[in-house]
Each structure stands twice: as structure tokens, then as C-alpha cells.
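Chemist: Quick one: structure below, then a few questions.
The values are calculated or read from the model by the stated rules, or taken from the named source; none is laboratory data. Note that the structure is predicted; figures quoted are calculated from it, not measured. Cβ sites come from the backbone with ideal geometry, for glycine too, and all protein chains shown count toward neighbours.
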Amino acid sequence: MQQAEYQLIIVGGGPAGLTAGLYAARGRLKALLVEKGATGGQVLVTDWVDNYPGFVEGISGFELMDRMTAHADRFGLEKKFANVTALDLEGPVKKVHLEDDATLTARTVILCTGARPSKLGVPGEEELVGRGVSYCATCDGPFYRDQEIAVVGGGNTAIQEALHLTKFARKVTVIHRRDQLRATRILQEKAFANDKIHFLWNARVTAIVGGKDGVERLEISFTDTSSTTLAVTGIFIFIGVVPNNEVLPLDQLQTDEAGFIITDTEMRTNLDGVFAAGDIRSKNFRQIINAAGEGATAELSAEHYLGSQA
Amino acid sequence: MASEKVMHVSDSEFDTKVVGNELPCLVDFWAPWCGPCKAIGPVIDELAEEFDGRVQIAKMNVDDNPATPGKFGIRAIPTLILFKGGEVVDQITGAVGKAQLQDLIKKAL
């Protein structure tokens, strides 16, 4: 058999990748984690995490990921910061191509490339990013002190971040396409009790309008075909995620219709020696705790596979 | 590792250190509470080494220095603005990749 440099390469350093890395480093595998930016993934931009077991008082997303990184580092996980440009995952030696034309090889790969916020796909959105259109409340919230803004979405992220934004904004209008929220009950209770938060139900943003100073108003249409405009200086969009699958070999890997990777309960993909964990997996629920759990399962499955091939 | 070639600027230093700089300047507007700003930190350091002597890479903490970000209409971070001869050449918002930042910087060369 061809020689591979690594027993395991983990692609992506969010909670799934860092947990897989922690397990691999403790398991004394020759393992490498490749990450394009800083470790932490989407949790880095999450204001507050109140449901990660063990953190009784809650913890900021930023600090939680700092700790997960430090935890993997404690066992000596090898990390490399580079963009992956392509992957060849068939055969016994997997190839990971990097932007500097280097190619890494491994016997197993765990894909933890995660997901990113969906865009609304309406006129004005692209043009006004950074000038009123935002996908990160912790980053951009403080620029909206005493202003009137909107949040689009009705899930956990939308409501959590709407609550966070009330620390800065005078008024936060939550625009949701249904007549009730999908967010968990405790967040709903907090949102309904907050007099800075207002709701537009059965509503869809059809255009974002602005000038050189940024967003000025939103065009909104309702399910009953009526419409309105809402004057805001900012719009924060939290309507779900799309998979970070651009570098994945989609001709080799089995994915669902939305492009998320299909695995079995042991995180095995359709390719031998290739596993997936975290938000890139096809699944219903995207939580930090299940990303971490899947990272652990994927690593143990990888070890099992390596053992069976020895 | 943080590069010593990155220049940290404040509101009061902006005119002399950025506008008056003989080199083109790329200014990274950031804050400690911003995750994506942290994410591009290592790239900013690498760019400072790569373009040393040709482009000055600078950082401004928007928490400590509200005047300059206000003047340039910054409402999201990280925002990176490229200056040449004191004029804005181009800008990018969000945690983009190294290649995109290299392309941005090359507009001033």
C-alpha cells in the first residue's frame, strides 16, 4: 500500500473538528487538523451559549471555542492554518490539496467543514453588506446604538441574537414568515417579555433599500398579499445555513438535496475511511453539543477503521 | 504569531500614520468582541510580513477609536480599507480569505 503521511486529517476546526482532534491526540494518532481561519467555527460569532452542559452559568461562544481549542492543544493536536482547495477521497490514501499547492495524504479523513448563514437572496442584500446588512449580531450590534433595526428569522439563532441586539438598538423588529416562532420556549418567553422587540408575522422581506449611507428601509410583503415598508438602518439575517461544501468532491461523496453529507450513525460516509461530523452532516438539528458528539464518534470510527485495515 | 510589522493606530494618529504615510496602507478595523476579526488575525499578520516595505498593514480597535470608523461609515467589522495617498482605493467587509486580501492589496501597487 502507498504510504500516507497522516493516519487522520480533520478538515475544519469548529466544535466537531476540535473534538475529533482532541480524541485523536489523546488516542496518539498521527493526526492533523486543517483550518482556514481561526479555530472555533460559527460559535465564534455566537453571543452567548446557555445550553452546553457543564457550563452552568452559560458561556460566551468565543470563550467556549477558546477552551475547546486549548483542550485539544493540551494533548498536542497538530494544526495547520491553510485553505483546502480540493480533496480526493477515493482509494486507501486520501489527498488533501492546499492553496499553496502542497498536497497532504492520510489514511482517513473527517470532514467538519460546517455551514454558513443563508442569504435572503433579495435585491439590495449583496450591495448593502457591511452598510446595514449583517449576518453577525455580536460583530455589528454595537454600531446600532439607539437605532431601529430588523431581524429576519424565527429560529433559535434569530431570537437569541434579537435579544442580544436589544442591548444596543432602540427597537428590534423580528420579521418571520410564519405566524409563530420555531425558537425554543425559553427564548420565546424572553422575546415576548422584551418591550424593545416587535414582531411582523407571516411576513417576507422582498427588497432592502438604501443609499450611500447604507440601509434605509425594507420592502415587506405579507402572506395575505398586503405589503408595507419598514424604516430601519440595519437588517440582521438568521434564516438557517447552507453547507460549506465547495471544496468537497461532490462527484465522490453522497449528499442530500441541499448539499449536506449523508452518513450513518457512526459518521461513516459512502467512502471507506471518510467520515463527516458537525453542521456539514445531513441532519435535522444543528447544536454545538451534537457537533462535538459527532466529532467524537467520527474519530472513534476512524480509529476502528484504521485498526481493521492494519 | 502576531507580527511586529503590523502598525496599531488610534484616532489621533490616523492622519499622520495612515493618511500621511508614504506607503499605501491597509487598515483592519476590528474589536476584541468580534469572532471573525479574530479569525482573520493570523492572515493579517502574514500579509504584514509578505508586503513589508511595500504596503503598511495597520489595525484600529473601533472600541477605543470611534471617530475614524464613523468618518468612513463603518457599520460592520472586520472591515478592511485600503488607502493610497490618503484616498480610499477599495474596501472589504467580513472574514475573507488570504487570496482575496492579497488581490485587494495589489490594487495599490
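Chemist: Could you list all residues from the range A:27-62 that are under 19 Å from the mean Cα position of the chain (by Cα) and on the phi > 0 side of the Ramachandran plot?
Modeler: Once the filter is applied, which keeps residues that are under 19 Å from the mean Cα position of the chain (by Cα) and on the phi > 0 side of the Ramachandran plot, the range A:27-62 yields A:GLY40, A:GLY41.
Chemist: May I pose another question? Within the group A:GLY210, A:GLY153, A:GLY132, which residue is within 13 Å of A:ILE237 (Cα to Cα) and touching a Gly at 6+ places or on another chain (Cβ under 7 Å)?
Modeler: A:GLY132 is the lone residue from the list that is within 13 Å of A:ILE237 (Cα to Cα) and touching a Gly at 6+ places or on another chain (Cβ under 7 Å).
Residues checked against (1) of a type in the set (S, T, N, Q); (2) closer than 16 Å to A:GLY153 by Cα:
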| site | (1), (2) |
| --- | --- |
| A:VAL172 | no, yes |
| A:ARG178 | no, yes |
| A:VAL205 | no, yes |
| A:GLU216 | no, no |
| A:PHE222 | no, yes |
| A:THR225 | yes, no |
| A:PHE238 | no, yes |
| A:VAL247 | no, no |
| A:LEU250 | no, no |
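Chemist: Mind telling me which of the residues A:ALA158, A:ALA162, A:ALA115, A:ALA86 ends up being touching a Pro at 6+ places or on another chain (Cβ under 8 Å), closer than 30 Å to A:GLU216 by Cα and more than 14 Å from chain B (Cβ to nearest Cβ)?
Modeler: Step by step, each of A:ALA158, A:ALA162, A:ALA115, A:ALA86 is checked, and only A:ALA115 is touching a Pro at 6+ places or on another chain (Cβ under 8 Å), closer than 30 Å to A:GLU216 by Cα and more than 14 Å from chain B (Cβ to nearest Cβ).
Chemist: Restricting to the range B:54-95, and then to whatever is among the small types (Gly, Ala, Ser), buried (at least 21 other Cβ atoms within 10 Å of the Cβ) and out of contact with any Pro (no Cβ under 7 Å at 6 or more places or on another chain), can you tell me which residue is farthest from the other protein chains (Cβ to nearest Cβ)?
Modeler: The residue in question is B:ALA58.
Chemist: Looking at A:THR103, A:THR85, which is the one that is of a type in the set (Val, Ile, Thr), touching a residue at least 40 places away in the same chain (Cβ under 8 Å) and surrounded by fewer than 21 Cβ atoms within 10 Å (Cβ to Cβ)?
Modeler: The conditions single out A:THR85.
Chemist: Still on this structure, please answer the following. Restricting attention to the range A:165-201, which residues are surrounded by 15 or more Cβ atoms within 10 Å (Cβ to Cβ) and touching an Asp or Glu at 6+ places or on another chain (Cβ under 6 Å)?
Modeler: Passing the criteria: A:LYS171, A:TRP201.
Chemist: So B:ASP45 passes all but one of these: (1) under 13 Å from the mean Cα position of the chain (by Cα); (2) under 27 Å from A:GLU126 (Cα atoms); (3) surrounded by fewer than 22 Cβ atoms within 10 Å (Cβ to Cβ). Which condition number does it fail?
Modeler: (2)
Chemist: Which of the residues belonging to the range A:25-48 are in a loop (DSSP other than H, G, I, E, B), more than 14 Å from chain B (Cβ to nearest Cβ) and among the small types (Gly, Ala, Ser)?
Modeler: Correct list: A:GLY27 only.
Chemist: What's the number of the condition A:TYR23 fails, among (1) crowded, with 17+ Cβ neighbours inside 10 Å; (2) under 25 Å from B:TRP33 (Cβ atoms)?
Modeler: (2)
Chemist: Further question on the same structure: Which residue out of B:PHE29, B:PHE14, B:PHE51 is more than 13 Å from chain A (Cβ to nearest Cβ) and in contact with a Ser or Thr (Cβ under 6 Å, 6 or more places away or on another chain)?
Modeler: Testing whether each residue is more than 13 Å from chain A (Cβ to nearest Cβ) and in contact with a Ser or Thr (Cβ under 6 Å, 6 or more places away or on another chain) leaves just B:PHE14.
Chemist: Next up: Give me the strands (runs of 3 or more DSSP E) completely within the range A:95-214, filtered to those with at least 3 residues that are at pLDDT 95 or above, ordered by residue number.
Modeler: Details: elements: A:103-111, A:115-117, A:148-152, A:171-175, A:197-200, A:203-211.
Counting at least 3 such residues, we get A:103-111, A:148-152, A:171-175, A:197-200, A:203-211.
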